[in-house]
Structures are given as structure tokens and as C-alpha cells.
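Trainee: Encoded as C-alpha cells, here's the structure I'll be asking about.
The values are calculated or read from the model by the stated rules, or taken from the named source; none is laboratory data. Because the structure is a prediction, the values reported are computed rather than measured. Virtual Cβ from ideal backbone geometry, glycine too; neighbours counted across all protein chains shown. In case anyone asks, the SASA skips ligands and DNA or RNA and just uses the protein heavy atoms, side chains included. Shrake-Rupley method; radii C 1.70, N 1.55, O 1.52, S 1.80 Å.
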Amino acid sequence: MSSVYYTVTPEPELFPKSYIVRIFKDDNPSRTVCFPVCNPLNRVKTVNQACEYGRLAVRQIMDRESAE
């Protein structure tokens with residue numbers, strides 16, 4: 001069984017204009033997706049969307065591996 005995880009990183013760090021989601025499988029980058037901040041006053045919504053994408057992508061990879 002391999003390890004699959006995701007990270008959510010703000011770009012730039014101080015006043016983020018987007019959040020980068022990176023999916024890793026066995027410590028190798030598998031996917032990278034950018035979530036731009038649509039509403040600067042409500043960055044939390046964008047962070048939540050990025051985290052949800054990361055959770056679903058990891059689950060999809062794990063489900064695919066368990067089916068094999």
C-alpha cells in the first residue's frame with residue numbers, strides 16, 4: 001500500500017491570490033491544481049474548496065488502488 005496525501009499552500013504567503021493543492025503519491029508529486037481567490041474578503045471559502053478537492057482526490061486514488 002502506498003502513501004497518498006495532499007498539501008494546500010497559499011501563493012504568495014502574505015496576501016494570497018491563490019491556493020495551490022499538490023497531491024503526492026509515495027512522496028512524488030502526482031497532481032497540482034490552482035484555486036484562485038475569487039473574493040479577497042472571504043479567503044476561507046477558497047481554502048475550504050482547495051481542501052475538499054485534496055480530500056476527494058486522495059480518496060479517489062486510494063479507492064482506485066484498493067480495487068486493483
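Trainee: Is it the case that Asn39 is part of a loop (DSSP other than H, G, I, E, B), open to solvent by 60 Å² or more (accessible area, probe 1.4 Å) and among the polar types (S, T, N, Q)?
Mentor: Details: part of a loop (DSSP other than H, G, I, E, B): yes; open to solvent by 60 Å² or more (accessible area, probe 1.4 Å): yes; among the polar types (S, T, N, Q): yes.
In short, yes.
Trainee: Out of all the residues in the range 54-68, which are at pLDDT 90 or above and either closer than 20 Å to Thr7 by Cβ or surrounded by 12 or more Cβ atoms within 10 Å (Cβ to Cβ) (or both)?
Mentor: Gly54, Arg55, Leu56, Ala57, Val58, Arg59, Gln60, Ile61, Met62
Trainee: Contact list please: Cβ distance under 7 Å, first residue in the range 29-58 and farther than 13 Å from Glu11 by Cα and of a type in the set (Lys, Arg), second residue at pLDDT 95 or above and assigned to a helix (DSSP H, G or I), pairs at least six apart or on different chains.
Mentor: As it stands, the answer is Arg31/Ala57, since those pairs meet every condition given.
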